[in-house]
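The values are calculated or read from the model by the stated rules, or taken from the named source; none is laboratory data. Source: prediction; values computed, not measured. We place every Cβ from the backbone using ideal geometry, glycine too, and count neighbours over all the protein chains shown. We work out accessible area using only protein heavy atoms, side chains counted, and drop any ligands, DNA or RNA first. Shrake-Rupley method; radii C 1.70, N 1.55, O 1.52, S 1.80 Å.
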Amino acid sequence: MECPHLSSSVCIAPDSAKFPNGSPSSWCCSVCRSNKSPWVCLTCSSVHCGRYVNGHAKKHYEDAQIPLTNHKKSEKQDKAQHTVCMDCSSYSTYCYRCDDFVVNDTKLGLVQKVREHLQNLENSAFTADRHRKRKLLENSSLNSKLLKVNGSTTTICATGLRNLGNTCFMNAILQSLSNIEQFCCYFKELPAVELRNGKTAGRRTYHTRSQGDNNVSLVEEFRKTLCALWQGSQTAFSPESLFYVVWKIMPNFRGYQQQDAHEFMRYLLDHLHLELQGGFNGVSRSAILQENSTLPASNKCCINGASTVVTAIFGGILQNEVNCLICGTESRKFDPFLDLSLDIPSQFRSKRSKNQENGPVCSLRDCLRSFTDLEELDETELYMCHKCKKKQKSTKKFWIQKLPKVLCLHLKRFHWTAYLRNKVDTYVEFPLRGLDMKCYLLEPENSGPENCLYDLAAVVVHHGSGVGSGHYTAYATHEGRWFHFNDSTVTLTDEETVVKAKAYILFYVERQAKAGSDKL
């Protein structure tokens with residue numbers, strides 16, 4: 001938004017000596033000394049923590065608004081409002097009086113000058129500290145982002161995502177999608193889209209809650225986020241611009257409450273698909289896919305119109321087969337899907353741990369079998385038989401008519417009982433390699449042996465008891481190494497740790513034809 005308070009609030013010189021030493025992203029709050037989410041006041045250059053840490057930046061503003069008792073304010077005190085501050089990590093600007101992010105500047109361009117000065121301080125501190133960090137990394141352990149490969153030292157190039165206030169559900173999905181190579185590469189190779197013109201042309205764009213829908217592009221902000229995640233930055237990336245676009249086009253996710261990661265993933269993929277179909281600013285990105293994609297036409301599943309990279313990668317087709325138990329009439333229909341939601345069979349729901357000895361361990365195959373097995377519909381789901389011309393008892397069975405390039409499996413861990421939505425905390429065993437989907441195909445004889453094998457690329461995990469609470473993290477593999485993504489923290493991990501996770505969403509990538517594998 002265009003903030004009217006800049007001229008009275010931005011008073012510090014861009015090269016102010018009042019700034020603390022060190023890199024701005026690691027500055028400490030002057031009250032609680034926390035170095036998480038530092039914000040600098042553009043009136044007095046004091047540094048405080050953000051509202052999702054201890055909220056001292058907001059309290060600094062509120063304290064400055066208390067009128068001085070028994071003293072008449074001077075003209076200078078009237079002018080200095082302490083209402084505008086800047087994020088020391090993302091350099092976005094926020095006004096507490098407007099309660100929104102700011103996109104304009106003062107007549108002298110002071111905001112941009114301060115932003116450039118902070119960026120220079122960050123770069124200088126990084127350069128000066130690089131040698132020391134390299135020595136520390138050489139002596140660090142696996143969890144200190146170091147791995148020995150063939151005798152040489154390599155460091156983690158992954159970047160974490162800052163939690164903007166219960167946004168771990170979004171961070172876990174973004175990190176998972178960023179490790180699906182074919183999907184991620186498509187967006188990273190898209191040309192940038194200029195969203196502004198006129199007096200703000202050429203400036204960095206900061207999306208806000210007050211901008212019109214025609215000024216935002218989910219595809220563009222998604223592209224920027226993916227580009228930032230594997231650039232090797234050791235500072236966590238703040239996905240605030242993407243999050244505000246999500247607020248604009250997905251009202252269900254407005255606010256800072258905990259949300260369901262699977263629901264967010266579906267909304268995200270659906271809206272990316274719709275925007276890619278229609279293009280942006282008159283440029284059809286669906287056309288780019290048709291012209292430049294290396295995916296064969298047979299792999300492009302169309303959901304709601306023309307194919308896009310979303311349906312080309314995640315799109316599969318189910319056959320839904322219903323049989324009337326009275327007259328034997330069979331009804332078939334084909335349904336496209338982007339993911340499969342699998343029930344955890346009821347006989348396994350009391351089994352919480354892999355090491356628990358009460359009966360067999362639930363496996364992903366058990367969940368897939370439950371999804372595809374013949375099922376008799378109950379009295380509440382009677383089938384309208386066109387031959388009998390009334391609702392009759394019937395059976396239902398799913399077949400997979402076409403497998404996707406990336407098979408996304410959602411384990412239904414939340415279910416309603418009376419007025420509560422409870423979590424099924426059962427451990428489900430899943431393979432890292434060689435998930436064989438051939439036995440679930442409608443026509444398995446038409447698929448080669450390798451076309452039905454999938455290897456795990458990413459896992460989203462929900463920690464806690466309820467869908468509206470708890471915490472989401474993700475495991476993903478990149479260039480042969482497994483990483484654990486926990487908001488801004490990224491650590492190397494191992495396969496043994498991954499297979500013990502209580503998976504919520506699993507992303508399997510179709511195996512390229514090569515010899516030998518273990519099957520599920």
Exercise. Please name all residue pairs, on different chains or six or more residues apart, with Cβ atoms under 7 Å, provided the first residue is in region 21-46 and is under 24 Å from C3 (Cβ atoms) and open to solvent by 20 Å² or more (accessible area, probe 1.4 Å) and the second residue is part of a loop (DSSP other than H, G, I, E, B) and of a type in the set (F, W, Y).
Key: S37/Y52
Self-check item: Residue list for region 454-491, restricted to those being open to solvent by less than 30 Å² (accessible area, probe 1.4 Å), touching a Ser or Thr at 6+ places or on another chain (Cβ under 9 Å) and farther than 23 Å from L164 by Cα
Solution: L456, A457, W482
Quiz item: at pLDDT 55 or above, open to solvent by less than 20 Å² (accessible area, probe 1.4 Å) and under 26 Å from A503 (Cα atoms): does that describe L276?
Solution: no
Self-check item: Breaking point among (1) modelled with pLDDT of 85 or more; (2) open to solvent by 50 Å² or more (accessible area, probe 1.4 Å), for K354
Solution: (1)
Self-check item: Answer residue from region 235-255, given it is touching a residue at least 24 places away in the same chain (Cβ under 8 Å), part of a loop (DSSP other than H, G, I, E, B) and not hydrophobic (A, V, I, L, M, F, W, C) and is most open to solvent (accessible area, probe 1.4 Å) among those
Solution: T235
Self-check item: Condition met for G305 (at pLDDT below 80 and of a type outside the set (D, E))
Solution: yes
Exercise. Please enumerate the residues belonging to region 381-401 that are part of a loop (DSSP other than H, G, I, E, B), free of Cβ contacts under 8 Å to residues at least 60 places away in the same chain and open to solvent by 80 Å² or more (accessible area, probe 1.4 Å).
Key: H386, K389
Exercise. For region 402-413, state whether one or more residues are charged (D, E, K, R), open to solvent by less than 70 Å² (accessible area, probe 1.4 Å), touching a residue at least 60 places away in the same chain (Cβ under 8 Å) and not in a strand (DSSP E or B).
Key: yes
